[in-house]
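Working notes, beginning with the structure itself.
The values are calculated or read from the model by the stated rules, or taken from the named source; none is laboratory data. Just so we're clear, the structure is a prediction, and the values are computed from it rather than from any experiment. As a convention, Cβ positions derive from the backbone with ideal geometry for all residues, glycine included, and neighbour counts pool all protein chains shown.
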Amino acid sequence: MTEPMTDLPCTARVPADVEAPDRILWGLTARQIAILAAAAAIAYLLWRAIGDRVPLAVTAAVLVPVAGAAAVLALGRRDGLPLDAWLLAAVRYRRRPRLAVPTEPVEPSGWGPVSERRPLPAVLRLPATAIDDDGSIAVPDTGSVALVVATTVNVDLRTGPEQAAIVGAYGRWLNSLTGPVQVVVSTQRVDLSSQATRIADAAHELPHPALADAALDYAAFLDELAEHRDPLGRTVTVACVAPAGARGEAVRRAEHTAASLTAVGCRSAVLDAATATAVVTAAVDPFAPTDASWPRTPPNDPVTAARSS
């Protein structure tokens, strides 16, 4: 007789800090060594310039702040970033215009009365410029991006062999990647009112009155739920990136990702132009009372409506 199969422990080694910079010398990165070397050169030049002309205490008073500032800049961190990168981002933020418009700003005429001279707004430059018919998003600095939506898998409810199979399938997808991907897990407020309206409008087209009544009751339930609760929805979106010039490569990578995630146990699909527009619209303004559950018209397509006779 064969012994019953026992649940095997599912373990996976995940390396931490994959994108951490390499330590070159004395546990310091190349960036830290460059900052400290530049500070040491400045301190040496200052010592050569004033070391023989002023007392030692004055020289130390000049060099100690330079050394301290260099050490803090090289070794300090703020909000998970190196301090020099954080300061550079702060300077760029302060120098960036606060107001942006989608078109070129027009210089005000000089003949009109101007009570207060305000800075002109800057041009709003979004990272994505167009959405093709196949759903690929054109990004000038990157290439093209195709989106894949996927559901989640409850691994805790699976047995040991099933967990091992899920981890193995996910690992095979990661090893098969030939370009960068981004997995975005977002939680947004679900707009149940608009969904209830669509269900109520479609209820009159159902073939049986009982089905129509059930649909109307369900729409009323959604309206009541949206009024008394704050429902949230979690979405998992995988962005597959392809280099510039490779037309259709992003969609092919997205189709491969969708097929690989199906082996994991997820329901996945490549987004077309209308659904990708909805996802991007909801991502730009996550606090708006809309969601990505219904498709939008792509930016370059005209909006038409069929006129009923």
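Tabulated data
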{"quantity": "D7 vs. criteria among the charged types (D, E, K, R), modelled with pLDDT under 80, surrounded by 12 or more Cβ atoms within 10 Å (Cβ to Cβ) and not assigned by TED's automatic domain parsing to the domain that holds P161", "calculated": "yes"}
{"quantity": "Number of the condition not met by A165 [criteria: (1) within 29 Å of V251 (Cβ to Cβ); (2) aliphatic (A, V, I, L, M); (3) touching a residue at least 12 places away in the same chain (Cβ under 8 Å); (4) touching a Lys or Arg at 6+ places or on another chain (Cβ under 9 Å)]", "calculated": "(3)"}
{"quantity": "Residue within region 210-224 that is over 19 Å from the mean Cα position of the chain (by Cα), in a loop (DSSP other than H, G, I, E, B), without any contact (Cβ under 8 Å) to a residue 40 or more places away in the chain and not assigned by TED's automatic domain parsing to the domain that holds L147 present", "calculated": "no"}
{"quantity": "Residue match in region 56-69 (condition: at pLDDT below 85, surrounded by fewer than 11 Cβ atoms within 10 Å (Cβ to Cβ), under 30 Å from A274 (Cβ atoms) and out of contact with any Pro (no Cβ under 7 Å at 6 or more places or on another chain))", "calculated": "no"}
{"quantity": "Residue check, D156 in a loop (DSSP other than H, G, I, E, B) and within 26 Å of V251 (Cβ to Cβ)", "calculated": "no"}
{"quantity": "Condition check for V183: in contact with a strand residue (DSSP E or B) (Cβ under 9 Å, 6 or more places away or on another chain), modelled with pLDDT of 85 or more, closer than 30 Å to A263 by Cα and loosely packed, with under 12 Cβ neighbours inside 10 Å", "calculated": "yes"}
{"quantity": "Selected residue [modelled with pLDDT of 75 or more and over 36 Å from the mean Cα position of the chain (by Cα)] from A39, A30", "calculated": "A39"}
{"quantity": "Residue count for region 260-274, restricted to those that are at pLDDT 85 or above, in a helix (DSSP H, G or I) and within 21 Å of the chain's Cα centre (by Cα)", "calculated": "1"}
{"quantity": "The lone exception for L206 - which of (1) surrounded by 13 or more Cβ atoms within 10 Å (Cβ to Cβ); (2) in a helix (DSSP H, G or I) it fails", "calculated": "(2)"}
{"quantity": "Any hit, region 194-214, residues being in contact with a Lys or Arg (Cβ under 9 Å, 6 or more places away or on another chain) and not polar (S, T, N, Q)", "calculated": "no"}
{"quantity": "Near pairs, Cβ below 7 angstrom, 6+ apart or cross-chain, from region 151-162 (farther than 18 Å from A258 by Cα) to any residue that is in a loop (DSSP other than H, G, I, E, B) and among the aliphatic types (A, V, I, L, M)", "calculated": "G160/L8; P161/L8"}
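Quick grid of which residues meet (1) exposed (fewer than 13 other Cβ atoms within 10 Å of the Cβ); (2) over 24 Å from the mean Cα position of the chain (by Cα); (3) among the acidic types (D, E); (4) modelled with pLDDT under 80:
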| position | (1), (2), (3), (4) |
| --- | --- |
| P102 | yes, no, no, yes |
| L126 | yes, no, no, yes |
| I131 | no, no, no, no |
| A164 | no, yes, no, no |
